[in-house]
Amino acid sequence: MTDLLDSARRFAQALDREDYVVAASCLAPDCVYAIRGRVHHGPEAVIASYREAGEWGAAKLDSVRFESSVRAGETGGAIVTFVDHLERRSQRHTHRCEQRLELDAAGLVRRIEHVDLPGEREALEGFFTRAGIASKGSERGASAAD
C-alpha cells in the first residue's frame, strides 16, 4: 500500500506545483475523472480540466497556493485532501476538498472522484462575493466554483 500512496502523493504534489507533465505521467491511459456530474476520460481531458481551473485562478486571484495530503482510503486506493489558499485584494480564504483515487497495480491513477466537503462550496462562494469575483466551474474545487 505504501507504494500506491507514494504514487498518489506524486500526483497530488504535481498538481500542487501545477506541473501538468508530471501529473499526466501519473495517469493510466484509461483514467476517468468524475466531478460534480461531469466525467473526463483519458489523461488529456483530465489534465485539461485541472489546467483550466489553475489558469482561471491565476487570472482572477492575486495569490493562489496549493498544498495536499494523502491517506489510505477506507476501501483501498487513496484519498487526497487538497487545501487551496486564495487571496484577492484584502480577502483571504482557505478551501478544502477531497479526491478519491483508484490506482492500478503499477501505481497509475485509474479513477478520480471529486468530493466537496460540507460547507466548503458555500464558503468559497462567499469568498468570491466578498472579493468581487464572478464564480466559474473548478475542477480542483478551489480556484472557482460552479
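Computed from the coordinates by the stated procedures, all read-outs in this text should not be read as laboratory data. These figures come from a predicted structure and were not determined experimentally. Glycine gets a Cβ as well: all are built from the backbone with ideal geometry, and neighbour counts include every protein chain shown.
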Task: Ranking of Ser135, Ser90 by count of other Cβ atoms within 10 Å, fewest first - done: Ser90, Ser135
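What is the order of Val115, Val109, Val32, fewest Cβ neighbours within 10 Å to most?
Numbers: Val115 15, Val109 28, Val32 18.
So the residues, fewest neighbours to most, are Val115, Val32, Val109.
Among Leu108, Leu103, which comes first, second and so on when ranked by fewest other beta-carbon atoms within 10 Å?
Final ranking by Cβ density, sparse to dense: Leu108, Leu103.
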Task: Paramagnetic reach from Val115 (point 7 Å along Cα→Cβ, amide N under 17 Å) across segment 83-101 - done: 83-84, 96-101
- [ ] In debye, nearest 20, what is the charge dipole magnitude of the chain about its Cα centre with +1 on Lys and Arg Cβ and -1 on Asp and Glu Cβ, if you could check?
- [x] 400 debye
Task: Simple label model, 7 Å out from Cα along Cβ direction - His85 to Arg9, nm - done: 2.1 nm
Open item on the list: I want to make sure I understand the PRE zone here: with the label point 7 angstrom from the Cα of Asp62 toward its beta carbon, which residues in segment 78-120 have backbone N atoms less than 19 Å away?
Closed with: 84-95
- [ ] Report the label-to-label distance for Ala72 and Arg96 in nanometres (one decimal), using points 7 Å from each Cα along the Cα→Cβ vector.
- [x] 2.2 nm
